[in-house]
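Novice: This is the structure I have questions about; it appears just below.
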Amino acid sequence: MNETLNGPQNNQVTSSGSMFANASHFVINGGNFTVISNNHRKEIMDWLKAPDCSANFVAAVNKRTPETGKWILNHPAYTEWKENGDILWIQGKAGSGKTVLFNNI
């Protein structure tokens with residue numbers, strides 16, 4: 001499908017693709033259009049994806065000292081959570097050891 005776009009300076013741009021797929025009888029006055037190739041769109045979508053947390057988790061677990069974080073298994077908040085099955089909220093600054101604690105649970 002070819003579309004012809006009339007820009008603000010009455011320049012005509014013809015592109016093949018589906019910028020206005022299934023559209024009919026419309027008028028565009030002015031406007032700026034950027035056509036992104038499918039490859040470029042995929043690169044953007046890949047960049048926006050969440051990182052693979054499993055790699056970070058494995059790296060953190062491999063760096064820990066044995067017995068690090070075992071104290072949580074006897075902490076009252078943990079034992080209560082384990083008995084009740086509610087939500088256990090562990091918060092802390094980046095790099096403070098939340099991932100290592102989770103590995104013990």
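Just so you know, all these numbers are worked out from the coordinates, no wet-lab data involved. For clarity, every value in this text was computed on a predicted model and none was experimentally measured. No Cβ is skipped: glycine too gets one built from the backbone with ideal geometry, and neighbour counts run over all protein chains shown.
Novice: From (1) free of Cβ contacts under 8 Å to residues at least 24 places away in the same chain; (2) farther than 30 Å from residue 20 by Cβ; (3) under 29 Å from the mean Cα position of the chain (by Cα), pick out the condition that doesn't hold for residue 67.
Specialist: All conditions are met except number (3).
Novice: Collect the residues in region 41-58 that are surrounded by 10 or more Cβ atoms within 10 Å (Cβ to Cβ) and under 29 Å from residue 100 (Cβ atoms), keeping them in residue-number order.
Specialist: 56, 57, 58
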